[in-house]
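To start, the structure itself, in structure tokens.
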Amino acid sequence: MNKKVLEELNNQINEELASAYIYLSMSAYFESLSLSGFGHWMRKQADEEIEHAMKIFSYINERGARVKLAEIKKPNFKWDNPLETMKAAYNHELHISKRINFLVDLAREQKDHATENFLQWFVEEQVEEEASADEIVQKLKMVGQTKPALMVLDRRLSKRK
Ligand code: OFO
């Protein structure tokens with residue numbers, strides 16, 4: 001496997017695990033506000049991020065290359081309010097989308113067609129990742145300081161499978 005592509009795929013494992021860490025921290029923050037529906041949603045999000053990391057982990061192994069794990073960056077501990085937390089989640093997904101696009105460009109440049117093809121799943125997934133975080137940001141903007149509406153949204157988020 002091309003050296004640069006391998007290095008960046010390994011970096012992406014780290015990015016995905018760091019995403020899981022960020023969302024777990026957000027989950028704990030929401031739990032501390034007694035917003036357990038939001039907390040649940042974030043835990044599910046963290047589970048998905050670990051799946052993303054493991055997809056790349058398996059792919060590298062399948063290609064006969066070597067997975068190299070690195071330190072995971074400490075996530076933020078506190079946010080100002082639910083809206084700011086969800087905005088941070090949305091911005092984080094924009095960052096991850098940029099990373100995926102960069103990886104696709106790199107695979108293309110290095111003529112690694114298998115990796116370019118493998119990454120298409122992530123390209124699609126990022127559309128969904130951005131949309132689901134943004135949807136909650138928009139709803140929180142509508143809810144504003146209205147507590148009952150926030151509780152309704154919290155209940156809705158608790159249903160995430
Ligand atoms: Fe792995 O998509 Fe979110 O970060």
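The values are calculated or read from the model by the stated rules, or taken from the named source; none is laboratory data. Just so we're clear, the structure is a prediction, and the values are computed from it rather than from any experiment. Neighbour counts are summed over all protein chains in view; Cβ atoms, including those assigned to glycine, are modelled from backbone coordinates with ideal geometry. Side chains included, ligands, DNA and RNA excluded: accessible areas come from the protein's heavy atoms. Shrake-Rupley method; radii C 1.70, N 1.55, O 1.52, S 1.80 Å.
Worth a mention:
- Taking the stretch 55-161 and the helices (runs of 4 or more DSSP H) fully enclosed by it, the elements with 1 or more residues that are within 16 Å of the ligand (Cβ to nearest atom), of a type outside the set (Phe, Trp, Tyr) and surrounded by 13 or more Cβ atoms within 10 Å (Cβ to Cβ) are at 82-109, 113-143.
- Of all residues in the stretch 3-35, those satisfying the criterion of being polar (S, T, N, Q) and open to solvent by less than 50 Å² (accessible area, probe 1.4 Å) are Asn10, Gln12, Asn14, Ser19, Ser25, Ser27.
- Residue count, the stretch 132-147 (criterion: among the hydroxyl-bearing types (Ser, Thr, Tyr) and at pLDDT 95 or above): 1
- Of the residues in the stretch 129-136, none is more than 18 Å from Gln45 (Cβ to Cβ), among the hydrophobic types (A, V, I, L, M, F, W, C) and touching a helix residue (DSSP H, G or I) at 6+ places or on another chain (Cβ under 9 Å).
- Screening Phe38 with (1) open to solvent by less than 20 Å² (accessible area, probe 1.4 Å); (2) within 16 Å of the ligand (Cβ to nearest atom); (3) touching a residue at least 24 places away in the same chain (Cβ under 8 Å) gives one miss only, at (2).
- Glu31 being assigned to a helix (DSSP H, G or I) and away from the ligand (no atom under 16 Å from the Cβ): yes
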